[in-house]
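Here's the structure we're looking at; comments come further down.
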Amino acid sequence: MTTQTPGRKIPKLQVYSFLARLKLPQSYLGKIMLVAFIGTHIPLLTLFFYAIASANIDLEIKVRILVVALIATLIGTGITLFTLQQLLSPIRATFLSLRHYLEKSVLPNLPTEFKDEVGILMSDTMYAIAKLDESIHQLKNYDPLTALPNRDFLQYRLEEAIALAQREHTILAILLLDIKDFSSYNNSLGQDKGDWLLRQIARRLDQGDSCHLMARVGSDEFGFLYSPIQGIEQVIQHSQTLINLLAEPFILESEKLYPTANVGIAIYPSDGEQAEDLLTHADTALRSAKAAGVGNYHFYSSEMTEQLRRRLALERDLRSALEREELELFYQPQIDYHTDGGDCMGAEVLLRWRHPQEGFISPGEFIPVAEMSGLIIPIGEWVLQKACQQNHLWQLGGLHGLRVAVNLSALQFQQPNLVELVATTLENTHHNPDLLELEITEGLLMNDVQSAIKILQSFRDLGVTVALDDFGTGYSSLSYLKRFPLNFLKIDQSFVRGIPQDSNDTAIVRSVIALAQSLQLDVIAEGVETAEQATFLHNLGCHKFQGYYFGRPMPALEFTRFWEARQAP
C-alpha cells in the first residue's frame, strides 16, 4: 500500500483541469503556447494601439508605426513560441517514451545528466521504467518459489538455441526431470516445508550439473537445456548426474528425506525441429521413464532408448569382465623397414573383450562405455600390468628388444598417481623401461599443456618411450609440439589410407614426416595395408609401419610365432 510523503504538497491542478477541457488546441503544448500568447501579447498590443491612437501625428505615420510594430511582434512571438516548444520537448519526449514502452515494451533512452526539475523527471522516469521492466520480466519469466526460469522462458531460450544449432549444424538436448510423488511430501510435511524441500532440490540440481539453462516447468518438474552437445554419451552422463544428485538425503529437522526422479530426453533435430515439439516429446519420454520405475531416463527416440539399454547392459557386464577373465590383450606388430623385409621392433597392445554370450565385442563399442563409466581406470591398470608381464616373459624367451606400446585414455591421463602407477608396474613386473611405450592423443596434451609437459617429462625420466598417437587429427599447436618431450609421432591411418592416390593425404603425410624429422622425432605410420603404401612412405623417409599389410592384431602366442618367423633366415 502506497502513502503520500508528509510535508511534500502536490500542486493543485485547477488551471490545468480548466485548460484540459478546452477542445482547441488539443495538445498540452498548444494550450501552453495559447496561454503564453494571450498573457503577453494582448495587453501589450492593446497598450500600443491606445498610445498610437492618442498621439497627434499623421494617419500615414500611424499606419507605418502599426505595421512595423505588428511585424516585430509577430517575429518576437514566433521566437518565443519556438523557444517555449524546445523547453517543453523533454516533457514531450518523456511522454512519448512512456507510451512507447507501454505499447511496445521498448525501454526509453532519455538523458540523465540534467539536474533541474525536468532533468530529474526524465532520470526518474528512466529508473522507474527500468525497475518496472525488471519486475515484469521477473514475474513473467521466473518462478517465484525457486527463482528459476519458468517454462515460457525455457521455451524462448530453446527457440534461440535451435536457431543457433541450425546455423552451426550442431545438436542439442532438452531434458525433463520429474520428482516422483512430490505431492506426498506436501501432504505429509505441509505446504511450507514442501516448498522448502522443492527449493533445496532445485538448488542442488542447479549447482550440481552444468547446463545451458535450468527451469521449473511444472509443480514438481524441471527442464534442462544442453546446447550444443557432442553426442548421446554426453546426454547419458548428464542424465545420470541429475538422478545421482538426489541420492544424498535432504535433512529437515533431523529427518532424512529421499526424493527420487526420472528423466525424459528429446534431441534436436532427430526428435523435432520446433521448441514446442521437443518439449512435448521430452514429456512423452518422461512418462515412459516413469512407467519403467524410479531412477530411469528414456529417450523419445526408440532407437536411442535401445542404444541406452545396450549401453547399460554393456556397462553391467563390463564391471565383471575383469573378474571373469573375459578381457584379452592382442598385439599388432610394428615393423622397422630399414632392413630387408623389415624387423619386428615392437607391438601395439590392443584390448579385446570376449563376451560369454556375444563373443568378441568391438572396442569401438565398449571402450566409450568404459570411459564414460570410469571403468577405464581399473581396466587401464590391468592392461598396463598384463602387457608388462607379457613382454617380460618375451624377453626371457628370446624376443630381445621388443617394445610394447600401451594406450593411455583421457581419464587415465588425469589421474594424479599416473606416473607413480607406471613406475610401480615396471618395478613389480621387472620390466625394462626402455621397452615400454606409452601412447597418448593430441587432445590429452592440449587440455592442460603445462601439466602434460610435466607428466611426459616424468615418463622420460623413468626411461619410458612416449608416442603421440593419431597425429594430425587433433588441435595441437606447433609451438607447443616442440615443447613436448616425445619420441614418436604416429601418423593417423585416416591419412595413410588415401596415399599415394589422394593428393591431400599425400601432402599431409609428407608434411608430418618433414615436421617429425625437423623435431628429431621418429615416425610410425598406422594403417599400412598395401606394399605400395609401404614403399611410398619409405621413400618419403618414414621407415616404421603398423598395419594389416604386416600383421593383424593377434594373441600373445600367435605373436610369438609371428616374431620367430620373421627372425628365421
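The values are calculated or read from the model by the stated rules, or taken from the named source; none is laboratory data. From a predicted model like this one, the values you see are computed outputs, not experimental measurements. No Cβ is skipped: glycine too gets one built from the backbone with ideal geometry, and neighbour counts run over all protein chains shown. Accessible surface areas use protein heavy atoms only, side chains included; no ligands, DNA or RNA. Shrake-Rupley method; radii C 1.70, N 1.55, O 1.52, S 1.80 Å.
Data overview
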| item | result |
| --- | --- |
| His338 vs. criteria over 33 Å from the mean Cα position of the chain (by Cα) and in a loop (DSSP other than H, G, I, E, B) | yes |
| Out of His431, His400, sole residue that is touching a residue at least 40 places away in the same chain (Cβ under 8 Å) and either assigned to a loop (DSSP other than H, G, I, E, B) or surrounded by fewer than 16 Cβ atoms within 10 Å (Cβ to Cβ) (or both) | His431 |
| Those residues of the range 90-131 which are closer than 26 Å to Met214 by Cα and either in contact with a Pro (Cβ under 8 Å, 6 or more places away or on another chain) or open to solvent by 80 Å² or more (accessible area, probe 1.4 Å) (or both), in sequence order | Ser105, Lys131 |
| Out of Thr535, Thr560, sole residue that is touching a helix residue (DSSP H, G or I) at 6+ places or on another chain (Cβ under 9 Å) and of a type in the set (Val, Ile, Thr) | Thr560 |
| Pair list, Cβ under 8 Å, 6 or more apart: the range 509-527 residue over 20 Å from Gln334 (Cα atoms), other residue among the basic types (Lys, Arg) and outside any helix (DSSP H, G or I) | Leu519/Lys482 |
| Residues of the range 385-397 that turn out to be surrounded by fewer than 19 Cβ atoms within 10 Å (Cβ to Cβ), touching a helix residue (DSSP H, G or I) at 6+ places or on another chain (Cβ under 8 Å) and assigned to a helix (DSSP H, G or I), as a count | 4 |
| For Trp353: the one exception among (1) in a loop (DSSP other than H, G, I, E, B); (2) within 40 Å of the chain's Cα centre (by Cα) | (1) |
| Test: residue in the range 372-384 that is more than 30 Å from Thr241 (Cβ to Cβ) and surrounded by 16 or more Cβ atoms within 10 Å (Cβ to Cβ) | no |
| Sole residue being buried (at least 19 other Cβ atoms within 10 Å of the Cβ) and under 24 Å from Gln389 (Cβ atoms), chosen from Phe366, Phe360 | Phe366 |
| Which numbered condition Val466 misses (of (1) modelled with pLDDT under 90; (2) hydrophobic (A, V, I, L, M, F, W, C); (3) not in a helix (DSSP H, G or I)) | (1) |
| Only one of Val464, Val406, Val449, Val422 that is buried (at least 21 other Cβ atoms within 10 Å of the Cβ) and farther than 29 Å from Val528 by Cα | Val422 |
| Some residue of the range 359-368 being more than 19 Å from Asn428 (Cα to Cα), at pLDDT 90 or above and assigned to a loop (DSSP other than H, G, I, E, B) | yes |
| Any chance Glu315 is of a type outside the set (Val, Ile, Thr), open to solvent by 30 Å² or more (accessible area, probe 1.4 Å) and either without any contact (Cβ under 8 Å) to a residue 24 or more places away in the chain or out of contact with any strand residue (DSSP E or B) (no Cβ under 7 Å at 6 or more places or on another chain) (or both) | no |
| Residue list for the range 516-531, restricted to those being of a type outside the set (Val, Ile, Thr), closer than 23 Å to Arg403 by Cβ and either open to solvent by less than 60 Å² (accessible area, probe 1.4 Å) or touching a strand residue (DSSP E or B) at 6+ places or on another chain (Cβ under 9 Å) (or both) | Ala516, Gln517, Leu519, Leu521, Asp522, Ala525, Glu526, Gly527 |
| Residues being open to solvent by less than 10 Å² (accessible area, probe 1.4 Å) and either out of contact with any helix residue (DSSP H, G or I) (no Cβ under 9 Å at 6 or more places or on another chain) or over 13 Å from Ala275 (Cβ atoms) (or both) - total across the range 150-167 | 1 |
| Subset tally (residues that are of a type in the set (Ser, Thr, Tyr) and open to solvent by 70 Å² or more (accessible area, probe 1.4 Å)) for the range 239-296 | 3 |
| Some residue of the range 486-494 being open to solvent by 60 Å² or more (accessible area, probe 1.4 Å) and of a type in the set (Asp, Glu) | no |
| Positions within the range 217-238 being in a strand (DSSP E or B) and either farther than 22 Å from Gly293 by Cα or open to solvent by 70 Å² or more (accessible area, probe 1.4 Å) (or both), in sequence order | Leu225, Tyr226, Ser227, Pro228, Ile229 |
| Given (1) open to solvent by 20 Å² or more (accessible area, probe 1.4 Å); (2) more than 25 Å from the chain's Cα centre (by Cα); (3) more than 20 Å from Phe488 (Cα to Cα); (4) not β-branched (Val, Ile, Thr), number of the condition Leu411 does not satisfy | (2) |
| Some residue of the range 264-284 being out of contact with any His (no Cβ under 7 Å at 6 or more places or on another chain) and over 23 Å from Ile162 (Cβ atoms) | no |
| Subset of the range 168-207 that is open to solvent by 40 Å² or more (accessible area, probe 1.4 Å) and acidic (Asp, Glu) - its residue that is farthest from Val294 (Cα to Cα) | Glu168 |
| Total residues in the range 541-569, condition under 42 Å from the mean Cα position of the chain (by Cα) and among the aliphatic types (A, V, I, L, M) | 1 |
